[in-house]
Structures are given as C-alpha cells and as structure tokens.
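Presented below is the structure to which this report refers.
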Amino acid sequence: MDRAQQRVPVLGFPIAVIYKYSDDQGNYLAAIITYYAFIAIFPLLLLATSVLGFVLQGDLPLQERVLDSALGQFPIIGDQLGRPGGIKGSTSGVVVGFCVALYGALGLGTAVQNALNVAWAVPRNKRPNPILLRLRSLGLIFTVGFALLSLSLISALSQATVFGERVASYRWPIVVVTVVATTLVLALVMRMGLARSHPLWGSVPGAFVIAVLWQTLQYVGTLYVTNVLAETSEMNQTFALVLGLIGVLWMAAAMAVIGIEVNVVAVRKLWPRALLTAFTDRVRLTDADRRAYTSYVRSQRHKSFQRVRVSYGPSPLDQDDRPDAEYEPTLPLEFPGLGDVDAGRSERELDAVDRQPGGELEAGVDEAPDEVPGEPRR
C-alpha cells in the first residue's frame, strides 16, 4: 500500500497534504484564526448596522432592500439581521464596534500571517517584527475586506430573491465567476501575507481549493439555517446562532490552512511521504520526508548568524537487517543538502536557496540516498 501511494500522485499528493497539515498542527492554527475572526465579526456587524442605521434612518423600504441583498446573504446570521429592527443607529455601537473590530482584525491578520509562515517553514529571523507584523495585518485586512465586499455583491446576484428570476437563470455562470474571482483574491492575499519571496502562481492551487470549499460551506450554512434555526425556539435560536457561527468560522479557517498546505506541498514537492511516518520511527523516509523534517528544524532559526545542523541516522528497519556494530561508528549519517544546511552560508545565499522551485532543500537531496558508509549504494 505504501509503495502504491508513492507511485500514484493522485493518492500520494492528498496524503502528503494531510501529513503536512498534521505536522504543522493545522487544527491549532485554524483555532487561532477562528478565535480572532469571531471577535472581529460581531463588532464589524455592529459597526455596519449602526452606520447603516444612521444613513438609512427613516427610509424603511431602502433598509429592506439592503437587508435582502448582500448583507442578508451572510451565512448563519444574515437571517437574524433581516428581522424588524435589525438595522439601528447607535453612537456607542459605532465606537465600541470600531475598537473591538480593530483588535479582532489585527489579531486575525496576525494569525493568518503566522499560519502562512509556519506552513512555509519561514525561519523566525525572517518573519516581521511585532510592529511591522501588525502594520502588514492592517493592509491585509483592508484588502480582504474590500475583496469580500465585492465578492458578496457578486454572489448575491445569484439569488432569485434579490434581483429576480432573470438574474437567477444565470446562477451557475455567476458561481463560476465568483470562484475564479475568489481564487485570484485569495492567491494575492496568501502572497501578501507570506514573509518570503514567493511566485503568485504558487498560491493559485490552494486558493482554488479554498474557493471551491467556501462555496460548499455556504450551501451547508444555508441548510443549517433552514433545517436547524428555523425549527428552534427563540432562546435556542440564540445558542444555535452562536454555535453555528463558530462552526462555520472554524471550518472556513481549516479550509484556509488546508489550501495553504496544498500550495506548500505542490511548490516544494513534499510528496510522496512514507505512509507510516506520522505513526512510528520504524519507517524508511522518502526524500519528501527529509525535505519536510529538515525545513521544520530550519524554521526555528532565530538569528541570521545562527547555524542549524540536521543529520539523519539509518532507519531502525535497516538496523534490524544488519548487526549493530556496523552502525555504531557511523552515526549520525550526514546528507549533503540536508545536513549542515546553514553552516558557512551568508544570508544572501540562504535567500537564494529559499527561492529554489522545490524549496530550500531540493538541491542535493537526490544525490545522497539512504546508505551506510562502507556498504554499496542501492
């Protein structure tokens, strides 16, 4: 089974993405993004409804049209905004909403950048300092906010309840356009948030995966509102609303992390992986395994003048086949391109290695397969 998935990319690539997600503790990265997104969304909605309440005060027909359009299409909570009194002007709401939304948005931008840098194994000394990190977060959030607003308006066109049956007849072409536009926006965001040089095309596969999964999530959110919220009591609806929103945010964050991992695995050629490498040491590592594990170690470099040394000994499976005496004088086993990865290299040389198509560990990996000194190469 292991050999089969290593020979067939259709099997090996998804497994490599799952293993990379697990190696980077993707669930925890998604949880951090969910936390800050949850903090940011409610204040943003409070801010939006308060501002609209001032602007549209006394114009009930216009309020209804706004609620029936993009604002009402927000997953899970759009239905709640459409209730009578859903839009009200409040000075305190504007002030509180702005302050809390700013905190949540900065945290969200920081969490997204952290997920990108962790997935791409960017060394700690190359990541932005705390001040620059938050400034980049502001730019990232403004870009995402403007893009999401535009995409929400486009997506709302596919709803028959908004602009009538004529526009609804073009629903699927509009969905396709939305997916393409979302892919381009997400690719740009993932490029902007990464603290290293990275070609834009390298972000497209993961961005496309996220865009398709997001469309699926919107459909699931609609089913949740129709089949759960609509059939619960007034008090239970409040709990269902909060739990549903947290669930949607976590799934969206997990989708985002998966999309990032797709990009990393594709660009750095981190497949195929050994099938049992996530469960035991008794496994023969593939070249992709070595590239992945060495990048994790190198990502912990805190200073440019710090030297990171990585070496690999023989697999326990090989030790079972040969007497221990053959191994004692040869451990640890060095691999050119994988061993002393930073020693003697300047910061400029390390940057050049980082920009290699297969990642910083591609060069030299295939030049030194698993072997024991004194033994013939296989």
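The values are calculated or read from the model by the stated rules, or taken from the named source; none is laboratory data. Note that this is a predicted model, so its numbers are computed, not measured. Backbone-built Cβ (ideal geometry, glycine too); neighbour counts: all protein chains shown.
In region 181-205, the residues that are at negative phi reach residues that are outside any helix (DSSP H, G or I) and modelled with pLDDT under 90 with C-beta atoms within less than 7 angstrom, at least six apart or across chains, in these pairs: ARG191/HIS198; SER197/ARG355. Entry remark, region 200-227: residues being among the hydrophobic types (A, V, I, L, M, F, W, C) and under 23 Å from ILE246 (Cβ atoms) number 10 in total. Note on region 159-196: among residues that are surrounded by 15 or more Cβ atoms within 10 Å (Cβ to Cβ) and basic (Lys, Arg), the one that is modelled with the highest pLDDT is ARG191. Give the residue, chosen from LEU275, LEU317, that is modelled with pLDDT of 90 or more and either closer than 18 Å to ASP23 by Cα or not assigned by TED's automatic domain parsing to the domain that holds VAL118 (or both). On inspection, the qualifying residue turns out to be LEU275.
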